[in-house]
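Chemist: The structure is given below, and queries will be raised subsequently.
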């Protein structure tokens, strides 16, 4: 238990400091300028939540992207949790600015030991959270709090691309030592936790658009390279593992 406690303490301290100072100091954040396709995938999956659904933003961070997007719909009940009190404070302020604070139940909580009832949610969503966690423990909690017919969507970084991994090794200050971008074995573990699990892959050639950041050429380049990614992933499935991001739409928790 000491190792687990130490890991969680490191994660909380890192993200408290990161969110307290804002993300602008992280050079790695420039990569997110190309993630429009994976963001759209996440939004579309969340939009598919049925009216009246209870939604959990699992590890919402300071942006609470999933919670805020869900709260725009007045027909969803939204809960957002994060280990970082600073993240929850900032997320609540974002919700207040967006006029939806009263539609989101924000709570500081350990994602690996949720203080939530069994079978509570219709939908659990996460954007870049699973790779921070003990995946087996996280999946036990996600499947526990989901209703038997519940589902969810997650977008996570992958850990197979050697060039991306080289960048990660060269910039250790940008992340915690405990982060672990997902591998194919992790995707198999996730798939075994649900009756259905559909994976979509994003951002391989799209990374070539990064030098165009801040120019008018950026948007058309990203669109073209996103289309090239999808064409190549269909034609050469072995390339999928080298994508930067994977989107996972799951349904029917097992366990």
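Readers should treat all values here as calculations from the given coordinates under stated rules, not as data from a laboratory. Given the structure is predicted, the values throughout are model-derived calculations rather than measurements. No Cβ is skipped: glycine too gets one built from the backbone with ideal geometry, and neighbour counts run over all protein chains shown.
Chemist: Mind ranking 212-220, 32-40, 83-91 by how tightly packed they are, going by the mean number of other C-beta atoms within 10 angstrom, highest first?
Modeler: Top of the packing list down: 83-91, 32-40, 212-220.
Chemist: Sort 230-239, 157-166 for me by packing, meaning the mean count of neighbouring Cβ atoms within 10 Å per residue, highest on top.
Modeler: 157-166, 230-239
Chemist: Please report the antiparallel percentage of DSSP beta bridges with both residues in the range 2-253, rounded to the nearest 5.
Modeler: About 45 percent, rounded to the nearest 5.
Chemist: Separate question: Using Cα-Cα distances under 8 Å and only pairs 6 or more residues apart, what relative contact order does the range 191-237 have, in percent?
Modeler: 41
Chemist: Something else: Could you list 93, 11, 101 so that the one with the fewest beta carbons within 10 Å of its beta carbon is first and the one with the most is last?
Modeler: 93, 101, 11
Chemist: Also: Need the full-extension length gain, residue 75 to residue 30, defined as separation in residues times 0.36 nm minus the C-alpha distance. One decimal, nm.
Modeler: 12.8 nm
Chemist: Which whole-number percent gives the relative contact order of the range 130-244, counting Cα pairs below 8 Å spaced six or more residues apart?
Modeler: 33
Chemist: Turning to a different aspect of this structure: Tell me the angle of helix 85-97 to the major Cα principal axis of the chain, expressed in degrees between 0 and 90 and rounded to the nearest ten.
Modeler: 90
Chemist: Shifting gears a bit: Can you sort 176, 249 so the residue with the fewest Cβ neighbours within 10 Å comes first?
Modeler: Ranking 176, 249 by Cβ neighbours within 10 Å, fewest first, gives 176, 249.
Chemist: How far is the Cα center of the range 119-154 from the Cα center of the range 69-99, in Å?
Modeler: 18
Chemist: Hey, another quick one. Would you mind ranking 92, 18 so that the residue whose beta carbon has the fewest other beta carbons within 10 Å leads the list?
Modeler: 92, 18
Chemist: Between residue 239 and residue 97, what is the spin-label point distance in nm, taking each point 7 Å from the Cα along the Cα→C-beta axis?
Modeler: Here the answer is 3.8 nm between the modelled labels.
Chemist: I would also like to ask the following. Over the chain, calculate the relative contact order: mean separation of alpha carbon pairs under 8 Å at least 6 apart, over the residue count, as a percent.
Modeler: In percent, rounded to a whole number, it is 21.
Chemist: What is the spin-label model distance, in nm, from residue 144 to residue 188 if the labels are put 7 Å beyond Cα along the C-beta direction?
Modeler: 2.6
Chemist: Can you tell me how much longer the chain between residue 198 and residue 20 gets when fully stretched, taken as 0.36 nm per residue apart minus their C-alpha distance, in nm with one decimal?
Modeler: Gain on stretching residue 198 to residue 20: 60.5 nm.
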